[in-house]
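I'd like to ask some things about the structure below.
Computed from the coordinates by the stated procedures, all read-outs in this text should not be read as laboratory data. Predicted model, so just to flag it, every value in this text is computed and none were measured. Cβ: placed from backbone, ideal geometry, glycine included. Neighbour counts: every protein chain shown.
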Amino acid sequence: MLDVTFLGTGTSNGIPVIGCDCEVCTSTDPRDTRSRTSALIKWDDLTLLIDTSPELRLQARSANLNHIDAVLFTHAHADHTAGLDDLRRFNEINQQHLPVYASPTTAEALRERYAYAFVDHFPFYGGKPDLTLHEFAGSIDMDDKTIVPVPVMHGQLEVSGFRFGPLAYITDAKMIPDTSMALLERLDILVLNALRVRPHPTHLSLQEAVDIAAMLKPKRAFLVHLSHETSHERASALLPAGIEIAFDGLTVRTGD
């Protein structure tokens, strides 16, 4: 079994955006309410969280999530890390440290920003996050599974996508190098960011994401990290068959 649950599918502002009365921010379509982007991967008995968005507590409650085996960080921007403190509840429930995985650059930022999470101050679990930080420079072996980091460029910043067997998750990309494209072949499911219709200097646009999916030819593709410039319904109407707009709470399984 391998599936992905989209805990959050919005851009860094989240939707509704503070102080905005646009069509999307006032929409009654629940698919237009998008918390900051994060995801849950369930791969047989392994449960993995990708990023700790600012809404992690609410996302975990909505998904009835009470256990994770590890956290994978794509990069250190606040919309992908600001919920890190909520990891302490998983320490409390499971009465053990929680491993987190990040590239060396992301790990350095996490240590600087959340130093308290990597030091054992308290003789009990739950008062703060108790995390063990693992830096990856290649594949990550976990139980009998191999997770393949996929480097992509977010403007001038290298961020990490991840491949889990026939499923890959990419967010905040503007450019995917050829070496990383080669890591994304023969997928059942590709998750890819698509900020808006208009071009953006550090994020893929809707058409750019469609073009990448057309080159990679996954069986299904799902777009995340959408801004409030595009509603779920209008964005969906622009997409070819086989590519869909993800929404908060959606679960997709390989083989479906």
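For residues in the stretch 1-27 being acidic (Asp, Glu) and out of contact with any strand residue (DSSP E or B) (no Cβ under 7 Å at 6 or more places or on another chain), which is surrounded by the most Cβ atoms within 10 Å (Cβ to Cβ)?
Looking at residues that are acidic (Asp, Glu) and out of contact with any strand residue (DSSP E or B) (no Cβ under 7 Å at 6 or more places or on another chain), I get GLU23.
Can you name every residue in the stretch 198-256 that is charged (D, E, K, R), free of Cβ contacts under 8 Å to residues at least 60 places away in the same chain, closer than 27 Å to ALA60 by Cα and crowded, with 16+ Cβ neighbours inside 10 Å?
Those that are charged (D, E, K, R), free of Cβ contacts under 8 Å to residues at least 60 places away in the same chain, closer than 27 Å to ALA60 by Cα and crowded, with 16+ Cβ neighbours inside 10 Å: ARG220, GLU244.
Assuming ILE68 fulfils every condition listed in (1) within 24 Å of PHE222 (Cβ to Cβ); (2) assigned to a helix (DSSP H, G or I) apart from one, which condition is it?
Condition (2) is where ILE68 drops out.
Cβ contacts < 9 Å: first residue within 12 Å of ILE50 (Cα to Cα) and touching a residue at least 40 places away in the same chain (Cβ under 8 Å), restricted to the stretch 162-183; second residue charged (D, E, K, R) and in a loop (DSSP other than H, G, I, E, B), any location; separation 6+ or different chain. Result?
From residues that are within 12 Å of ILE50 (Cα to Cα) and touching a residue at least 40 places away in the same chain (Cβ under 8 Å), the pairs are THR171/ASP51.
Restricting the search to the stretch 144-196, which residues are within 16 Å of LEU206 (Cα to Cα) and of a type in the set (Gly, Ala, Ser)?
Selection gives ALA173, ALA194.
Pull up the stretch 125-150, narrow it to residues that are touching a residue at least 40 places away in the same chain (Cβ under 8 Å) and over 25 Å from ARG88 (Cα atoms), then point me to the one that is surrounded by the fewest Cβ atoms within 10 Å (Cβ to Cβ).
Here the residue is LYS145.
Here is a further query. Somewhere in the stretch 185-193, is a residue among the polar types (S, T, N, Q) and touching a His at 6+ places or on another chain (Cβ under 8 Å)?
Yes, because at least one residue in the stretch 185-193 is among the polar types (S, T, N, Q) and touching a His at 6+ places or on another chain (Cβ under 8 Å).
Inside the stretch 225-256, can you point out the residues that are β-branched (Val, Ile, Thr) and touching a Gly at 6+ places or on another chain (Cβ under 8 Å)?
THR254
While we're on this one: Can you tell me how many residues in the stretch 162-183 are of a type in the set (A, V, I, L, M, F, W, C), surrounded by 15 or more Cβ atoms within 10 Å (Cβ to Cβ) and closer than 21 Å to THR9 by Cα?
7
Could you give me the residue pairs with C-beta distances under 9 Å whose first residue belongs to the stretch 1-30 and is in contact (Cβ under 8 Å) with a residue 12 or more places away in the chain and among the acidic types (Asp, Glu), whose second residue is part of a loop (DSSP other than H, G, I, E, B) and loosely packed, with under 13 Cβ neighbours inside 10 Å wherever it lies, and which are 6+ apart or on separate chains?
Matching pairs, first to second residue: ASP3/ASP256.
Moving on to the next point. Which count do you get for residues in the stretch 30-58 that are more than 16 Å from THR251 (Cβ to Cβ) and part of a loop (DSSP other than H, G, I, E, B)?
Counting residues in the stretch 30-58 that are more than 16 Å from THR251 (Cβ to Cβ) and part of a loop (DSSP other than H, G, I, E, B) gives 7.
Being touching a residue at least 60 places away in the same chain (Cβ under 8 Å), crowded, with 19+ Cβ neighbours inside 10 Å and either part of a loop (DSSP other than H, G, I, E, B) or small (Gly, Ala, Ser) (or both) is the filter here; which residues of the stretch 71-87 pass it?
Passing the criteria: PHE73, THR74, HIS75.
To keep it simple, each residue is scored yes or no on (1) surrounded by fewer than 20 Cβ atoms within 10 Å (Cβ to Cβ); (2) among the charged types (D, E, K, R); (3) under 22 Å from GLY8 (Cα atoms).
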position: PHE90; (1), (2), (3): no, no, yes
position: LEU98; (1), (2), (3): no, no, yes
position: THR106; (1), (2), (3): no, no, yes
position: GLU112; (1), (2), (3): yes, yes, no
position: ALA115; (1), (2), (3): yes, no, no
position: PHE118; (1), (2), (3): yes, no, no
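Could you please give the count of residues in the stretch 79-103 that are of a type in the set (Val, Ile, Thr), more than 12 Å from TYR114 (Cα to Cα) and within 17 Å of the chain's Cα centre (by Cα)?
1
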